[in-house]
Protein chains: 2
Amino acid sequence: MGDGMSQTVDRALTILASLGEGPASLEQAAGRIGVHKSTALRLLRTLEEHGFVHRQSDHRYRLGGRLFSLAQQALEGIDVRQVSAPYLASLNERYGHTVHLAVLEGAEVLYLDKVEARYPCSDSWLGPASRIGKRAPAAATAAGRVLLADLSEDQLAAALENQEFPARTPRSLRSADELRTELTAVRRQGWALDQGEYEEAVNCVAAPIQGIDGTAIAACAISAPARVASVSELSRLLPELLCTVEAVSLAYGGSPTPRWCENRCGAKHAVRASHT
Amino acid sequence: MGDGMSQTVDRALTILASLGEGPASLEQAAGRIGVHKSTALRLLRTLEEHGFVHRQSDHRYRLGGRLFSLAQQALEGIDVRQVSAPYLASLNERYGHTVHLAVLEGAEVLYLDKVEARYPCSDSWLGPASRIGKRAPAAATAAGRVLLADLSEDQLAAALENQEFPARTPRSLRSADELRTELTAVRRQGWALDQGEYEEAVNCVAAPIQGIDGTAIAACAISAPARVASVSELSRLLPELLCTVEAVSLAYGGSPTPRWCENRCGAKHAVRASHT
DNA sequence: ACCGTGCGTTGCACGGGCTGCAATGGCCAA
DNA sequence: TTGGCCATTGCAGCCCGTGCAACGCACGGT
């Protein structure tokens, strides 16, 4: 396959991923990745030994508990998540909208945390169907663009390599050039806006959280269905959002303002840190 | 090492697990599992290709986003979790104690869901440090014994093979025989009690949720620090707990009462299902 | 009871892929 | 520039992963 990678491990991980779509018998699992039964058996046994898959009583394999514990362990290791949690909750309490915490991973954003809207919301993106761990193309989301805006030109070029710009909605950016233009604006203003570019009926504002060296390590985003909050209504929350990310940045030991932006609020941040 | 399993995959998974303890450079990662750097490089590249590890800008490896998405996907696939969530929340709301949902995996219980106590609780087992995905020896917990009680003698013997019975606390069961005696009692009464056997200062009551074929597919447990609720106080919640698991079993399409128990409450179940 | 079928499991010979050594390249600091 | 450190690459040897085939077992139909 690709050069410099292990075929065996590749197959094992493929089989693991395939189990994410539901439990499977040995033969099904082997079929899904196109190897012989005995091969799949050995891979599955190894995965089972490590607890990544578990064999239920009907001899079918399903994802195992080790996956959960590792994922949790990894989440706990991300301290920006701990630090920002009470701030996200505070933002949510005040306006009721969905609040996300996201980081950049390659050309995708990875949602590390989420506080669900305080109003019923069946949208696939904001509702309970959207979960921690979900990913989305960075260029198509406000949080993603805030994080992309912090990359150097080299890093950006590397991240965008081979990236598509699909027209998810009529407003989606369609090329790297359009994106770069947008990123320039994001850098200038210190925040990003998503007017139904990823999901037609969902608007979103996002701002970066600064790490200890001044780089953006995460983004905080407020999202709402268009029928609940228009873009201009969301924009009205910007000062509060900017204050929040500033506070998180300080709490995290980072610099309060992005390297590429000056005009920020300097208000005091009263956050009820209700964590244990 | 062990027979019938893949060395390469074994190493890859070991390296993955080791990353759970924190990011590592290539050399560190290789050192942790005792292989040559070039070997570790190939394994890590493969893991990276699949998104299970991610390379941060300083070239160090950390656990990747795929782990989160897979874990979430797996959790969503477990429908008993969805079904029981509102019931757990209801139990928690009424008494304020920590409520767990657990399944059996080999000789361990795996905690699938958790509603945290409504009072401050710094205990390592009940507090925020205990997370979804955590595991514990089945024999040492109320939830585990409820699930073990449902196994056939063959299954039980298989699960207990090579299991230790460490004296975690003075009250811990110390042998398979003691466990079997206890399981007989559990079967008779339809629930299990943990009087500080796993954690000295934590008591716990648990009852089984019945699947469609009458087997116990999960357990619901109420836990509280001893200084908040004594064993007798927790026991007073038993009728409510039994009603709850009965309701969940019905909602899940299972039989309301365990195969090995008759005297159950037959009260009506008013559960505010506040799910979306 | 018998056999057919389907599936999980095992044994084994072949060769492909994994392994680790050694060398190269890039980066930073002295 | 030099030296050290670390990631990365090339390569020869050979281990170990692979798939074929055979076996055991449970189930169900006749």
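The values are calculated or read from the model by the stated rules, or taken from the named source; none is laboratory data. Everything numeric in this text was worked out from a predicted model, so none of it was measured. Using ideal geometry, Cβ is built from the backbone for each residue, glycine included, and neighbour counts are taken over all protein chains shown.
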Just checking, which of B:Ser18, B:Ser6 is in contact with a helix residue (DSSP H, G or I) (Cβ under 6 Å, 6 or more places away or on another chain), within 12 Å of DNA strand D (Cβ to nearest atom) and closer than 30 Å to B:Asn162 by Cβ?
B:Ser6
Does B:Leu148 count as under 27 Å from B:Leu241 (Cβ atoms) and modelled with pLDDT of 90 or more?
yes
If you check B:Gly77 against the conditions, is it more than 12 Å from DNA strand D (Cβ to nearest atom) and crowded, with 22+ Cβ neighbours inside 10 Å?
no
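Counting only residues that are among the hydroxyl-bearing types (Ser, Thr, Tyr) and either under 22 Å from A:Ser84 (Cβ atoms) or in contact with a Pro (Cβ under 6 Å, 6 or more places away or on another chain) (or both), which one in segment A:199-234 is modelled with the highest pLDDT?
Applying the filter and picking the extreme gives A:Ser223.
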Here's a check for you: in segment B:70-82, which residue that is aliphatic (A, V, I, L, M), assigned to a helix (DSSP H, G or I) and within 17 Å of the chain's Cα centre (by Cα) is farthest from the other protein chains (Cβ to nearest Cβ)?
B:Val80
Of the numbered conditions (1) closer than 18 Å to A:Ala74 by Cβ; (2) assigned to a helix (DSSP H, G or I); (3) of a type outside the set (Ser, Thr, Tyr), B:Arg11 fails exactly one; give the number of that condition.
(1)
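Please state which one of A:Ala17, A:Ala29 is buried (at least 16 other Cβ atoms within 10 Å of the Cβ), part of a helix (DSSP H, G or I), within 11 Å of DNA strand C (Cβ to nearest atom) and of a type outside the set (Val, Ile, Thr).
Values: A:Ala17 fails: within 11 Å of DNA strand C (Cβ to nearest atom).
So the residue among A:Ala17, A:Ala29 that is buried (at least 16 other Cβ atoms within 10 Å of the Cβ), part of a helix (DSSP H, G or I), within 11 Å of DNA strand C (Cβ to nearest atom) and of a type outside the set (Val, Ile, Thr) is A:Ala29.
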Filter segment B:1-14 down to the residues that are more than 9 Å from DNA strand C (Cβ to nearest atom) and more than 7 Å from every other protein chain (Cβ to nearest Cβ), then identify the one that is surrounded by the fewest Cβ atoms within 10 Å (Cβ to Cβ).
B:Met1
Among strands (runs of 3 or more DSSP E) entirely inside segment A:143-253, those with 1 or more residues being of a type in the set (D, E, K, R) are A:192-195
Evaluate the following for A:Val99: is it facing chain B (nearest Cβ under 10 Å) and part of a strand (DSSP E or B)?
no
Could you list all residues from segment A:22-53 that are of a type in the set (S, T, N, Q) and either over 19 Å from B:Leu67 (Cβ atoms) or in contact with a His (Cβ under 8 Å, 6 or more places away or on another chain) (or both)?
A:Ser25, A:Gln28, A:Ser38, A:Thr39
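This table checks each residue for (1) crowded, with 20+ Cβ neighbours inside 10 Å; (2) among the polar types (S, T, N, Q); (3) touching a Cys at 6+ places or on another chain (Cβ under 8 Å); (4) assigned by TED's automatic domain parsing to the domain that holds B:Asp150.
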| position | (1), (2), (3), (4) |
| --- | --- |
| B:Tyr61 | yes, no, no, no |
| B:Val83 | yes, no, no, yes |
| B:Tyr87 | yes, no, yes, yes |
| B:Glu93 | no, no, no, yes |
| B:His97 | yes, no, no, yes |
| B:His100 | yes, no, yes, yes |
| B:Leu104 | yes, no, no, yes |
Can you tell me which condition B:Asp177 does not meet? The list is (1) on the phi < 0 side of the Ramachandran plot; (2) within 19 Å of the chain's Cα centre (by Cα), and all the others hold.
(2)
Of residues in segment A:33-69 being part of a helix (DSSP H, G or I), in contact with a strand residue (DSSP E or B) (Cβ under 8 Å, 6 or more places away or on another chain) and more than 8 Å from every other protein chain (Cβ to nearest Cβ), the one nearest to DNA strand C (Cβ to nearest atom)
A:Leu44
Considering residues that are among the hydrophobic types (A, V, I, L, M, F, W, C) and more than 19 Å from the chain's Cα centre (by Cα), the number found within segment B:202-230 is 4
